[in-house]
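Asks: Have a look at the structure that comes next, please.
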Amino acid sequence: MMETLEIKRVFVPRALPLREYFSPGHRGCQGCGPALAIRHVFKALGPNTIVANATSCSEIISSPYPQTAWKVPWIHVAFENAAAVATGIEAGYKAMMRKGKLPQEKINFVALAGDGGTGDIGLQALSGAMERGHDFIYICYDNEAYMNTGIQRSGLTPFGASTTTSPAGKVSKGQNTWKKDLPAIAAAHHIPYVATACPSYPIDLYNKVAKAAAIEGPAYIHILAPCPTGWRCPSELTIEVGRMAVESGLFNLFEIVNGKKRLTLRVPQRRPVKDYLKAQGRFRHLTEEDIRFIQEKVDEDYQLLLEELEEV
Amino acid sequence: MARRVGLEVSIACSEAVTLANVDVIAAYPITPQTHIVEHLSEQVAEGHLDAEYIKVESEHSALSCCVGASAAGARTFTATASQGLILMSEIMYIASGLRLPVVMALATRTLSSPLTIWGDQSDVMSQRDCGWITIFCENGQDVFDQSIIAFRIAEDRRVLFPTMICMDGFHLSHVIEPVELLSQEEVDSFLPPYKPEYRLDPHRPLTMGAFTMPDYFMEIKKQQDEALKSTLPVIKEIWNEWGNRFGRYYQPVSCYKAEGAETLILIAGGFSGTAQIAVDRMREQGKNVGLLRLKLWRPFPHQEIRDAVKGAKLVVVVDRALSVGGQGGPIAAELRSSLYHLKKRPAVVSFVAGLSGRDIHIDQFVEMVERAEGHLSAGKIPDYEMFGVRE
Ligand SMILES: Cc1ncc(C[n+]2csc(CCOP(=O)(O)OP(=O)(O)O)c2C)c(N)n1
Ligand code: SF4
Ligand SMILES: [Mg+2]
């Protein structure tokens with residue numbers, strides 16, 4: 001466990017370990033991207049892991065009393081404090097091991113939250129936890145809205161997406177702000193490891209989680225996780241939609257190791273964002289002109305990313 | 001051997017927490033709690049206490065870290081006051097629901113607004129229903145003792161509830177008092193290491209904090225309520241053991257010249273010292289007055305308080321908190337509801353006094369008793385009165 005897999009850039013989830021720590025039978029919707037991402041994350045972490053889960057879809061679908069989908073120790077406390085709870089657990093273990101109350105062993109301390117629990121209401125707790133330098137892994141699965149409460153917009157909902165609190169209407173294009181750049185915010189804390197991932201690229205995701213576990217200190221992994229229910233797309237398109245996000249350059253797979261950023265997947269020829277947008281009902285109302293506007297922004301951002309990579 | 005020293009009460013609290021050998025402290029500064037956490041930081045920095053001191057960015061995270069650490073099986077402490085406590089409020093309820101024996105020291109302080117840093121009990125009263133064992137302290141020795149006892153109570157397997165000890169902000173937290181400190185051996189003999197039955201352990205995975213549907217919630221709440229009520233005899237037993245070992249006995253409600261008294265003053269916290277002097281003065285003048293000190297707020301000692309007021313005609317309750325637009329003083333309201341079903345019960349007169357650090361002097365206690373007696377003989381008892389307010 002916790003070794004990176006050699007096979008790269010191939011879509012072979014079969015290469016992943018068979019053991020499940022997030023069991024089937026949870027209450028996720030069909031084709032739930034976050035559930036898939038979480039499965040992969042915990043395959044990479046293995047059994048010596050403790051999870052603090054924020055209130056969210058992932059928490060609700062996995063812990064309906066008296067059942068649980070979790071095979072590793074798991075705690076849910078509240079919506080905005082997964083980072084604080086996880087680092088409290090880490091500190092507790094650190095003290096008890098140092099004082100000889102518990103044997104020394106390597107345990108992965110994980111905080112798991114959605115985009116809302118991470119980038120909006122939980123940003124302060126996350127910042128505090130990263131700044132304090134605990135040895136923990138923060139997993140944000142980004143399904144780009146508050147799905148658990150019925151698809152309300154978050155600070156990470158993309159421009160133009162229609163949600164229940166940023167609805168498209170006669171005088172509204174849906175979400176009117178650009179997506180908050182959480183990986184950059186994490187990186188600004190100068191932690192040893194920051195990465196982005198997507199369950200459409202399971203080996204890349206697996207390897208990044210394994211790396212995060214091996215590195216001492218805080219690690220932040222931001223996973224774009226398509227949600228067919230909230231994105232209004234057929235559930236069999238989860239993987240495809242994730243790939244389109246990456247292939248269009250809208251969501252880039254990279255890692256930042258001790259401040260050094262590199263793409264883990266370089267798209268040879270970016271496909272138009274239109275493919276991605278057209279696949280989802282949340283963007284249905286966008287006009288050709290709107291799509292052009294978004295394409296321009298994606299092009300600009302991608303250019304900036306390439307320049308940034310050349311500089312290092 | 002016990003050492004008697006002059007100490008600021010906040011420092012006495014930190015010394016006790018050090019002797020309790022906590023594993024994790026997570027706290028955020030706020031007046032008048034700061035001296036407690038500053039001294040604990042020093043204890044850790046100087047190597048007197050081997051603990052992780054988590055320098056959190058807010059009280060919300062302070063208590064969240066404590067919940068995580070306690071769930072991991074660590075002995076855990078935090079301290080706060082006022083705005084800090086209500087920022088923790090969300091997690092207060094959860095710590096209790098998860099049955100985690102976190103210990104908190106609260107230097108009680110007024111809630112904004114208007115902003116004020118001075119003391120009363122509005123912060124602790126705001127958390128009345130959160131399911132924490134809540135203990136009021138009266139003097140420095142009491143704070144030192146309860147800061148150790150709280151761990152023993154909270155961690156007892158018959159208890160397993162977070163426990164809060166309250167000291168009046170400034171009036172108690174910042175005064176220097178003689179305190180008899182205990183040795184490490186003495187504390188260790190009373191307080192065994194925390195050995196949780198359930199904790200977050202990869203070798204024995206479990207799920208904590210699952211969500212429920214309406215078909216389970218009420219059963220779980222009832223269990224929590226019954227469990228908290230059932231801690232009362234255990235708390236008494238532990239206080240009694242402390243008394244037997246160290247000579248200082250504590251009770252949920254303690255009585256002073258209350259036997260056969262017609263009028264009783266009921267108050268919680270450090271101001272009971274002033275009330276006691278007032279009682280002595282009134283006794284000298286031939287008045288049949290006694291004093292009840294409420295030490296245990298949750299679980300509320302219904303039977304003890306009913307027994308204590310049994311023979312009295314009048315109970316004068318002095319609350320340092322106000323339920324705005326409600327029944328006035330929270331302790332008075334609790335007492336009234338506790339007595340309601342008794343056939344023979346004393347009249348209850350509720351005063352709200354001493355808010356935001358305003359003193360209550362000896363003669364003011366006397367005045368409150370006289371006013372209350374006046375209300376009683378006039379046969380007209382107001383719901384409550386704000387005492388000592390300039391008109
Ligand atoms: C303090 C607080 N505010 C609001 C909520 C309601 N709430 C629960 S989950 C949630 C949204 C979660 O969104 P996200 O973190 O993106 O996770 P997702 O449900 O999308 O997986 C909200 C608003 C809450 N539980 N607690
Ligand atoms: S709403 Fe979306 S994120 Fe939530 S369970 Fe369904 S598919 Fe998964
Ligand atoms: Mg979300």
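No lab work stands behind these numbers, since they all come straight from the coordinates. What you are looking at is a predicted structure, and each value in this text was computed from that prediction instead of being measured. All Cβ positions, even for glycine, are placed from backbone atoms using ideal geometry, and neighbour counts span all protein chains on display.
Asks: Region B:236-280: which GluC sites (Glu not before Pro) are DSSP loop and have at most 16 other beta-carbon atoms within 10 angstrom?
Replies: Details: sites: B:237, B:241, B:259, B:262; in loops: B:259, B:262.
Answer in residue order: B:259, B:262.
Asks: Running a GNM on chain B with Cα contacts under 10 Å, which residue among B:318, B:44, B:349 ends up with the highest mean-square fluctuation?
Replies: Per the Cα network of chain B with a 10 Å cutoff, B:44 tops the list.
Asks: Additional query: Given H placed on each backbone N at 1.01 Å, which residues far from residue A:233 in sequence or on other chains put an amide H within less than 5 Å of it?
Replies: It is A:281, by chain and number.
Asks: Something else: I'm a student and want to see the number: the projected area of the Cα convex hull of the protein assembly as shown, averaged over all directions, in nm².
Replies: So the mean shadow area of the Cα hull is 34.8 nm².
Asks: Continuing with this model, one more query. Hey, could you get me the Stokes-Einstein D for region B:4-105, Kirkwood radius over alpha-carbon pairs, 4 °C and 1.567 mPa s, rounded to whole µm² s⁻¹?
Replies: Value of D from the Cα-based Kirkwood radius: 96 µm²/s.
Asks: Here's a follow-up. Karplus couplings for region B:242-255 from phi (6.51 cos²θ - 1.76 cosθ + 1.60, θ = phi - 60°), rounded to Hz, Gly and Pro as x?
Replies: Result, ordered by residue: 4, x, 4, 7, 10, x, 10, 9, 10, 10, x, 10, 10, 10 Hz.
Asks: In terms of Cα to Cα distance under 19 Å, which lysines are near enough to residue B:229, apart from those fewer than 8 places away along the same chain?
Replies: Those lysines meeting the cut-off are B:221, B:295.
Asks: Which ³J(HN,Hα) values, rounded to whole Hz and listed in residue order, are derived for region A:37-46 from phi using the Karplus coefficients 6.51, -1.76 and 1.60 in 6.51 cos²θ - 1.76 cosθ + 1.60 with θ = phi - 60°, glycine and proline given as x?
Replies: Using θ = phi - 60°, the values come out as 4, 5, 3, 5, 4, 7, 5, 6, 7, x Hz.
Asks: I would also like to ask the following. Ignoring everything except DSSP H segments at least 4 long, calculate the 222 nm mean residue ellipticity for chain B; use -39,500 (n - 2.57) per segment, divide by total residues, nearest 500.
Replies: Result for chain B: -13000 deg cm²/dmol, rounded to the nearest 500.
Asks: What's the FRET efficiency of residue A:19 with residue B:188 using the Cβ-Cβ distance as r and R₀ = 41 Å, to the nearest 0.05? Please report the intermediate quantities before stating the final value.
Replies: Numbers: r = 43 Å, r/R0 = 1.05.
Efficiency at R0 = 41 Å is approximately 0.40.
Asks: For residue B:378 and residue B:229 in one chain, what is 0.36 nm times their gap in residues minus the Cα-Cα distance, to one decimal in nm?
Replies: Length difference between fully extended and current span is 49.8 nm.
Asks: Using alpha carbons only, what's the Rg to Rh ratio of chain B with Rh from Kirkwood?
Replies: Using Cα coordinates only, the ratio equals 0.97.
Asks: Taking GluC sites (Glu not before Pro) as candidate sites, keep only those in a DSSP loop with at most 12 other Cβ atoms within 10 Å, then name the longest stretch of chain A containing none of them.
Replies: A:106-215
Asks: Based on other C-beta atoms within 10 Å, arrange B:189, A:56 from fewest to most.
Replies: Fewest-to-most ranking of B:189, A:56: B:189, A:56.
Asks: On to the next question. Loop-only check: which chymotrypsin sites (Phe, Trp or Tyr not before Pro) in region B:96-169 are DSSP coil with at most 15 other Cβ within 10 angstrom?
Replies: Nothing satisfies the criteria.
Asks: Next question. Return the lysines within reach of residue A:173: Cα separation strictly under 29 angstrom, same-chain partners fewer than 8 residues apart disregarded; answer none if there are no such residues.
Replies: Hits, sequence-local ones excluded: A:274, A:278, A:297.
Asks: Let me ask something additional. Compute the angle between helix B:59-72 and the longest alpha-carbon principal axis of chain B, please, reported from 0 to 90 degrees and rounded to the nearest 10.
Replies: That works out to roughly 60 degrees.
Asks: While we're on this one: Can you pull the percent of Cα pairs in chain A with separation above 38 Å?
Replies: The proportion of pairs with Cα distances above 38 Å equals 10 percent.
Asks: With a point put 7 Å past each Cα toward its Cβ, work out how far residue A:290 is from residue B:262 in nm, to one decimal.
Replies: It is 8.1 nm.
Asks: Debye calculation, C-alpha points only, no solvent: report log10 I(q)/I(0) for region B:265-391 at q = 0.09, 0.22, 0.23 Å⁻¹, in the same order as the q values.
Replies: Log-scaled intensity ratios, in q order: -0.23, -1.54, -1.69.
Asks: Please give, to one decimal in nm, the separation of the simple spin-label points placed at residue B:129 and residue A:149, each 7 Å out from Cα toward the Cβ.
Replies: Simple spin-label model gives 2.1 nm for this pair.
Asks: A further question follows. Among B:289, B:270, B:341, whose Cα projects farthest towards the positive end of the dipole of region B:254-386, with charges put on the beta-carbon of Lys, Arg (+1) and Asp, Glu (-1)?
Replies: Checking the options against the dipole of region B:254-386, the answer is B:341.
Asks: I'd like to know how region A:248-312 sits against the 2.2 N^0.38 Å rule of thumb: what's its Cα Rg over that expected value?
Replies: 1.29
Asks: Treating the angle as unsigned and between 0 and 90°, give the value, to the nearest 10°, between the Cα long axis of helix B:140-155 and the longest Cα principal axis of chain B.
Replies: Its long axis makes an angle of about 50 degrees.
Asks: Continuing with this model, one more query. Under a 5 Å amide H to amide H cut-off, with H placed in plane at 1.01 Å, what residues pair with residue B:7 once short-range neighbours are removed?
Replies: B:177, B:179
Asks: For chain A, what is the mean residue ellipticity at 222 nm derived from helices alone (per DSSP H run of n ≥ 4: -39500 (n - 2.57); sum divided by total residues; nearest 500 deg cm²/dmol)?
Replies: -10500 deg cm²/dmol
Asks: Let me ask something additional. Fully extended, how many nm does the chain gain between residue B:236 and residue B:176 (0.36 nm per residue separation, minus their Cα-Cα distance)?
Replies: Difference between extended and current length: 18.8 nm.
Asks: Quick check on the exposure proxy: order A:260, A:211 from fewest to most C-beta atoms within 10 angstrom. Please list the in-between numbers first.
Replies: Numbers: A:260 9, A:211 20.
In order of increasing Cβ crowding within 10 Å: A:260, A:211.
Asks: If you don't mind, there's one more thing I want to ask. Cross-link partners among lysines for residue A:99, C-alpha distance below 23 Å, same-chain residues fewer than 8 apart left out?
Replies: B:55, B:195
Asks: Write down Rg/Rh for region B:66-171, rounded to two decimals, with Rg from the C-alpha atoms and Rh from the Kirkwood relation over Cα pairs.
Replies: In region B:66-171, Rg relative to Rh is 0.96.
Asks: May I ask you to evaluate 6.51 cos²θ - 1.76 cosθ + 1.60, the Karplus curve with θ = phi - 60°, for each residue of region A:112-120 and list the ³J(HN,Hα) values in order in whole Hz, giving x for glycine and proline?
Replies: Listing the rounded values in order: 10, 8, x, 5, x, x, 9, x, 9 Hz.
Asks: Name the chymotrypsin sites (Phe, Trp or Tyr not before Pro) in region B:219-258 that are in a loop by DSSP and that have at most 15 other C-beta atoms within 10 Å, would you?
Replies: Passing sites in region B:219-258 are B:249.
Asks: So how do A:229, B:76, A:157 line up by other beta-carbon neighbours within 10 Å, fewest first?
Replies: The order, fewest Cβ neighbours first, is A:229, A:157, B:76.
Asks: Modelling each spin label as a point 7 Å along the Cα-to-Cβ direction, I'd like the residue A:267/residue A:306 distance in nm, to one decimal.
Replies: The two pseudo-label positions are separated by 1.2 nm.
Asks: Still on this model: Among A:116, A:249, A:150, whose mean-square fluctuation peaks in a Gaussian network model of chain A (Cα, cutoff 10 Å)?
Replies: In the Gaussian network model the winner is A:150.
Asks: Another question, if that's okay. Can you list residues whose amide H is under 5 Å from residue A:111's amide H, if they're 5+ apart or on another chain and H is modeled 1.01 Å from N?
Replies: For residue A:111, the qualifying residues are A:52, A:137, A:138, A:139.
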